Amino acid sequence: MTGYLLRRVGGAIVVLLGLSIIVYALFYLAPKDPAILTCGKGCTPDRLADVRAAMGLDASPPAQYWEFLRGLFLGRDFPAGPDVRHCPAPCLGYSFETDQPVTKLLADRLPVSASLAIGAEILSLAVGIGAGLLSGLRRFRILDRIVNGLILAGYAVPVFLVGLFLLLLFCVRLQWLPFPTYVPFTTDPAAWAENLILPWIALAVIQSAAYARLTRAGVQESLAEDHVRTARAYGIPEGRIVRTRALRGALVPLVTLTAIDLAAIMASAVLTETMFGLPGVGQLLVGAVNQIDLPVVVGVTLLTGFLVVVANAVADLLYAAVDPRVQLR
Amino acid sequence: MTLLSVRDLRIGFGNTQAVDGLSFDLEAGGALGIVGESGSGKSATALALLGLHGEARIEGSIDFDGLELTGASEDQLRAIRGAGIAMVFQEPLTALSPFHRVGDQIAEVYRLHTGATRKAARERAVEVLRQVHIADPERRARAYPHEFSGGMRQRALIAMALACNPRLIVADEPTTALDVTVQAQILDLLDEVRTATGAALLLISHDLGVVAGSTDDVIVMRRGAVVEAGATDQVLVTPRAAYTKDLLAAVPKPSPARVIQGGPLLRVSGVSKRFRKFTAVDDVTLDVREGETLGIVGESGAGKTTLSRMMVGLIPPDRGSITLAGADIARRRGRSVQMVFQDPMSSLNPRRTVGESIADPLRLIGEPAPRVKIEALLVRVGLAPSHYDSYPHQLSGGMRQRVGIARALAPSPRLIVCDEPVSSLDVTTQAQVLALLEDIRLERELTMVFVTHDLAVLRQIADRVVVMHDGAVAEVGDVAAVYDQPQHAYTKELLAAIPVADPIEARRRRALRRVELAGAGLSGSGLAGAGLAGTGLAGTGLDGAGLDPEPLGATQPE
Amino acid sequence: MTLFRRLLDDRAFLAGAVIAGVMVLVALFAPLLTALAGQDPTTFHPELLDSARGGVPLHGITADHWLGVEPGTGRDLFARVVYGARVSLGVAVSALALQLLIGVGIGVAAGLGGRYTDAVLSRLTDLTLAFPLLVLAIALLAIVPQSWPRPALLAVVIALLGWGGTARIARGETLSLKTRDYVSAARVSGAGTLLVARREILPGLAAPVLTYAALILPSNMITEAGLSFLGVGVRPPTPSWGQMLSSATTWFRADPMYVFVPGALLFVTLLAFVLVANGVRRVVDPRQREVLR
């Protein structure tokens, strides 16, 4: 177990290092001259040289990467005109655009994305598992068809289309809800939820379809297994079989998926955040891309990778926790 | 007193009639066997007793201890299930819930039917586990099924059946998935608990040898109807129905010994093979003589499949060498060695015609594969020329195995290695395919290696036999010598465990086994432990789901 | 033949196939259709806009402009939608072709390769599957020079980031197929790895991979639409449905028609392709009969 954990963490670090090399190479080394991009419109040769020195572009690519990596773990110093400013670890540099530390930008935005992801995930799981279970047990034909429709729609609609539709319906036509703006949970939980409910629904329409499909397939597969037949042959009531055996079997893949999805949503709710104007990490990325603000782009990409790798490791552990057959070796 | 009385039972699924007018009686405490090949309706009958068929038409009467089961409500049936009638299923690997501890599963059933306290139920679980000779039952009750070997799981299932003191135990092919020695143990156990608890036993099997020693009466079924019924001693010794006679005739018989003149053709010397930490084959040395049939026998995990695959060059050995007529086997293919596989479902590509499959080995050795030649081969193995254009799914299991034989014969090899070629076939088909192999071997003067878990089959077809145990050779010798005067302890155990169709001989062997067991002071479960404990997660569909690059269920041959 | 018959009995599949077929035809014959309408997707018509109200179209549907005109520019909506179909479908299909090529190649190589090849390729596959495609795509598209042709670029980026599913399926099937005895039989007779892959493995992969591919096509369209919606995909004046929706969001109170046309088309087309995929899957894989009975 300890050995497994060590190896798992080691593997995760290797993956993250690989990712950081790729990302660094793509964004800092591939463009012809990032300094020109950074320098902006009113660029003079003097200023360009300053920028170049500040970015450390005079050094060789491996040396540049090494500096970057050191900054990530130990912090680094940047020359800023005559002064030196210290960027504490984990240092991802300063935004070209706003001159704020990227780490701070990310930290400001993360609660928004986390609120969005966690709420949407809870809603998706509740709807998805419920619908999948009801239709997996094949009790009501009508319900089955509705769930089928939901599942197919989940495959067929882009999230921004759902978002547009929800905005048009609830904010423009019916005027039941205000146009979403982010209110921190700590300020006013009711307003927080009221403002996030539409983005949650938009994401859940798509996410819950996947869960419903998985739950249904899992329940049906489990119910066809030999050990369920044994349980029936020993007089165990159907309701108990569903609870302790079928649902249990169906939940195993769901548990792991949830961990991964949580990270994925948090990182990739770009469209939802843009659609609803929520100041999350995704929106930060789109803004940075449009401004060609490389440190921010690199920061978001690395943060995303970090979340995904951690979520995968957590998923593996959860997998072993819910299925006694899985041994972590 | 009659415990179970079945009258004119008819079970239908859609357009097919699985059981058509079955009647029998079972006395309290008695033992009845139902024997039949696949499709005879024997398993459908077992499920019908407990009303476990989802969508089937069930007519007729099933009277269990005064209660009519065919028209019973779901609640009535549920009260009977487990408490009045308990089932033991075929697949011990999957019949217990993987998510719950063994003891908890048994306790759950006991609590459900008796309303006992949790503590009492747990104690009962340990008690029945002890009754089926699970060593250290207090600790084992807390284990999960995957931590048990196949034989232990089947014991646990029998313990579950005993938990509520049922009046009838229905065992549907309880030993089909198990090794011979474990099979003998499980059958002995069933016999023992029947005497100990007074429960009646309904034993369903395709194997006459399974039923012979464990039942008082037997019913022979074919295509949903009874062919013959009566006392086991009488039906299996002096059968009246032609079909019963066929079944008995199909049971492999010893054949007269032959004298083999040939020198060694295939030489296996000092060969070992490991898969990760598991040693499949451990320093095996043996010769296959020209013109002989060498039998290799062993239980699952003995390394016989790995060895046979190394013999044809499919798996390279880690150490040692395998040569065919002096040349390394890795460089001799097609014309020199061919293989016949176990599973006729997977040994033919489902997307290609039979003729194409047979033509392949010819084309690979650079010969044209004229249709005429392949059609002649098809006729030789007992098929029609028109089967050239058939697809595998259009053929029965026996026919597919014939195609497999034709494919192996096509390039005229000197040696054919057969890996369990008849194991998945019904008894009568098995006899036909064995006869065909023997004919062809004679006609073409082939050398053959025949790998099987079935000692009876080997005795009929082999000249010499190699007994494998834990990857190593336990014993080698002429068939007659090994069977009549086994030297190695393991060979003796194997031979004692062979199920025989003669009821008197079967009972004599059981008595012998009990004496030996008592003498050795073994509880029985110790022998079962080695078998399947390492199977892990193979086949649970979990591989590829996680991000761990090491597949959870490493697929190892054997 | 019976498979085909069963497909034809599936009404949902038929409806999907017809709509998807029409959309493909529209995309193929976009120039012809716009010529029939007498319009093209790039000509501005400021005379049709109400400059007093910020550029909202004066008229709705007219004989000249079958679906009206775009607010702000006055470009013909019908022509833009028709050319948009061409871009949306074109990107999705080319990306799919690339994905299949990469995915099947890597999957089969991992399945047939040795332990280390398999471990490395599987890890890579897991990584691309786990990583949120959209983030990397956005980031990648940001650093590419503006002058490169966007649709082709989009197809390549979507394919490079989205082959993981195909590879995983191809690997799983290969692993299962290669343990079949008929593969062993071929090897005993002397067939090499390439021959085994071509003759015994690839035909067996066709059904599972193609059924899966049928679902990637709509998912590619969604990705393309999403990227264009964010402004990093197809850019004006080139039309695509996602790009049109992106422009439409600023107008969606003043001119709901502008949102409705590409939005509805996108939804209907996606649904059609999903229905086709679902129908194919139900017929090919009897175990997967769950969805839409």
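Can you give me the relative contact order of chain B as a percent, contacts being Cα pairs under 8 Å and 6 or more apart?
16 percent
Quote the charge dipole size of the range B:348-412 about the Cα centre in Debye, to the nearest 20; the model charges only the Cβ of Lys and Arg (+1) and of Asp and Glu (-1).
Details: 9 positive and 5 negative charges, 21 e Å.
Charge dipole, the range B:348-412, about its Cα centre: 100 debye, nearest 20.
Using per-residue counts of other Cβ atoms within 10 Å, averaged over each peptide, order C:67-76, A:186-195, A:106-115, C:225-234 from highest down.
Numbers: C:67-76: 23.3, A:186-195: 12.9, A:106-115: 18.7, C:225-234: 26.8.
So the order, starting with the most tightly packed, is C:225-234, C:67-76, A:106-115, A:186-195.
If you put +1 on each Lys and Arg Cβ and -1 on each Asp and Glu Cβ, how big is the dipole of the range A:107-322 around its Cα centre, in Debye rounded to 20? Walk me through the intermediate numbers first.
Numbers: 14 positive and 13 negative charges, 214 e Å.
Dipole of the range A:107-322, to the nearest 20 debye: 1020 debye.
Give me the one-decimal Kirkwood hydrodynamic radius in Å for the range B:132-171, with the sum taken over alpha-carbon pairs.
Numbers: mean 1/r = 0.0921 Å⁻¹.
Value: 10.9 Å, from the Cα pair sum.
Bin by bin, in steps of 5 Å, what percent of the Cα pairs in the range B:70-121 do you find, going until the bin that has the longest distance?
4, 17, 21, 23, 20, 11, 3, 0
How are the Cα pair distances of the range A:173-329 distributed, in percent, across 10 Å bins from 0?
Using 10 Å bins, I get a P(r) of 9, 25, 28, 21, 12, 4, 0 for the range A:173-329.
So how tilted is helix C:77-112 from the main axis of chain C? Cα-based, degrees 0 to 90, rounded to 10.
The answer is roughly 10 degrees.
Can you pull the Rg over Rh of chain B, Cα-only, Kirkwood?
Working: Rg = 24.8 Å, Rh = 25.3 Å.
Using only Cα positions, Rg/Rh for chain B is 0.98.
Determine how many Å³ per residue the convex hull of the Cα atoms of chain A encloses. Before the final figure, lay out each step's value.
Details: hull volume 59.2 nm³, N = 329.
Dividing the Cα hull volume of chain A by its residues yields 180 Å³.
Any chance you could list the semi-axes, whole Å, largest first, of the equivalent ellipsoid that the Cα gyration tensor gives for the range A:69-216, using √(5λ)? List each step's numbers first, then the result.
Numbers: eigenvalues 360, 77, 34 Å².
Calculated on Cα positions only, the semi-axes equal 42, 20, 13 Å.
May I ask for the equivalent-ellipsoid semi-axes of chain C, computed as the square root of five times each C-alpha gyration tensor eigenvalue and listed largest first in whole Å?
Values: eigenvalues 372, 98, 41 Å².
Largest first, chain C gives 43, 22, 14 Å.
Across every pair of different alpha-carbon atoms, what Kirkwood hydrodynamic radius in Å does the range B:348-412 reach? Mind dumping the intermediate values first?
On the way: mean 1/r = 0.0882 Å⁻¹.
The answer is 11.3 Å.
Listed highest first by mean packing, meaning other Cβ atoms within 10 Å per residue, what order do C:103-115, C:199-211 come in? Display every interim value, and only then the final one.
Values: C:103-115: 20.1, C:199-211: 18.0.
Highest mean packing first, the order is C:103-115, C:199-211.
Pull out a ≥ b ≥ c, the square roots of the eigenvalues of the alpha-carbon gyration tensor of the range B:48-186, then state rounded if a/c is under 1.5, prolate if not and a/b is larger than b/c, and oblate in the remaining case. Write down the numbers at each step before the final one.
On the way: a/c = 2.14, a/b = 1.40, b/c = 1.53.
Because a/c hits 1.5 or more and a/b fails to exceed b/c, the range B:48-186 counts as oblate.
Return one number: the angle in degrees, 0 to 90 and rounded to the nearest 10, between the long axis of the Cα atoms of helix B:102-114 and the longest principal axis of the Cα atoms of chain B.
30 degrees
Once you average over the residues of B:347-356, how many Cβ atoms of partner chains fall within 10 Å of each Cβ? Mind showing how you got there, number by number?
Values: counts 6, 4, 11, 4, 7, 4, 0, 0, 0, 1.
If you average over the peptide's residues, the count of other-chain Cβ atoms is 4.
DSSP H helices in chain A with Cα extent of 24 Å or more along the helix axis and mean Kyte-Doolittle hydropathy at least 1.0?
On the way: long enough: A:2-24 (33 Å, 1.58); A:102-136 (47 Å, 1.27); A:189-223 (43 Å, 0.62); A:247-268 (29 Å, 1.60); A:294-322 (41 Å, 2.08).
In chain A, the long hydrophobic H runs are A:2-24, A:102-136, A:247-268, A:294-322.
What does the charge add up to near B:Val473, with Lys and Arg as +1, Asp and Glu as -1, over the other residues with Cβ less than 11 Å from its Cβ?
Details: positive: B:Lys304; negative: B:Asp282, B:Asp283, B:Asp470, B:Glu475.
Cβ neighbours under 11 Å give a net charge of -3.
Putting +1 on Lys and Arg Cβ atoms and -1 on Asp and Glu Cβ atoms, find which of A:Gly154, A:Leu137, A:Gly10 reaches farthest to the positive end of the dipole of chain A.
A:Leu137
Can you give the charge dipole size of the protein assembly as shown about its Cα centre, rounded to the nearest 20 debye, using +1 on the beta carbon of Lys and Arg and -1 on the beta carbon of Asp and Glu? The partial results should precede the final answer.
On the way: 110 positive and 107 negative charges, 137 e Å.
In total the dipole reaches around 660 debye.
Any of B:Lys42/C:Lys178; B:Lys42/B:Lys245; B:Lys304/B:Lys373 with alpha carbons more than 27 Å apart? Name them for me.
On the way: B:Lys42/C:Lys178 35 Å; B:Lys42/B:Lys245 19 Å; B:Lys304/B:Lys373 34 Å.
Over 27 Å apart, Cα to Cα: B:Lys42/C:Lys178; B:Lys304/B:Lys373.
With viscosity set to 1.567 mPa s at 4 °C, what whole-number translational diffusion coefficient in µm²/s follows for the range B:321-447 from Stokes-Einstein and a Kirkwood radius over Cα pairs? Mind showing how you got there, number by number?
Working: Rh = 14.8 Å.
For the chosen part, D equals 87 µm²/s.
How many angstrom lie between the Cα centre of the range C:1-79 and the Cα centre of the range C:144-208?
Here the answer is 37 Å between Cα centres.
Quick one: what does P(r) look like for the range C:1-97 with 10 Å bins over all Cα pairs, in whole %?
Going out from 0 Å in 10 Å bins, the range C:1-97 shows 15, 32, 26, 17, 7, 2, 0 percent.
Kindly provide log₁₀ I(q)/I(0) values, in the same order as q = 0.14, 0.18, 0.21 Å⁻¹, from the Debye equation applied to equal alpha-carbon scatterers of the range A:188-248.
Log-scaled intensity ratios, in q order: -0.57, -0.68, -0.78.
Work out the mean other chain Cβ neighbour count within 10 Å for the residues of A:12-25 and drop it here as an integer.
Numbers: counts 1, 0, 1, 5, 0, 0, 2, 3, 0, 0, 1, 2, 0, 0.
The per-residue average across the peptide is 1.
Mind checking the angle between helix B:118-131 and chain B's longest principal axis? C-alpha axes, 0 to 90 degrees, to the nearest 10.
Roughly 50 degrees between the two axes.
Which translational diffusion coefficient, to the nearest whole µm²/s, is obtained for the range C:56-158 from the Stokes-Einstein equation, given a Kirkwood hydrodynamic radius over C-alpha pairs, 37 °C and 0.692 mPa s?
On the way: Rh = 17.2 Å.
Once the numbers are plugged in, D ends up at 191 µm²/s.
P(r) tail for the range C:172-230, what percent of Cα pairs lie past 17 Å?
Values: 900 of 1711 pairs.
For the range C:172-230, the share of Cα pairs beyond 17 Å comes to 53 percent.
What are the aspartates and glutamates whose alpha-carbon lies under 12 Å from the alpha-carbon of B:Lys492, with same-chain residues fewer than 8 places away excluded?
Within reach: B:Glu475, B:Asp484, B:Glu516.
Once the Cα atoms of the protein assembly as shown are picked out, what are the Rg and Dmax in Å?
That works out to 35.3, 111 Å for Rg and Dmax.
Given chain B, what percent of its DSSP beta bridges are antiparallel, to the nearest 5? Please list the in-between numbers first.
Values: 45 of 82 bridges.
Here the share of antiparallel DSSP bridges comes out near 55 percent.
Using +1 at the C-beta of Lys and Arg and -1 at the C-beta of Asp and Glu, which of C:Leu270, A:Leu223, A:Phe165 has the Cα lying farthest in the positive direction of the dipole of the protein assembly as shown?
C:Leu270
Quick one: check the C-alpha center-to-center distance for the range B:237-289 versus the range B:345-387, whole angstrom.
27 Å
Bear in mind that the values in this text are calculations on the coordinates, not laboratory data. Everything numeric in this text was worked out from a predicted model, so none of it was measured. Positions of Cβ are generated from backbone atoms using ideal geometry, with glycine treated the same way; all protein chains shown enter the neighbour counts.
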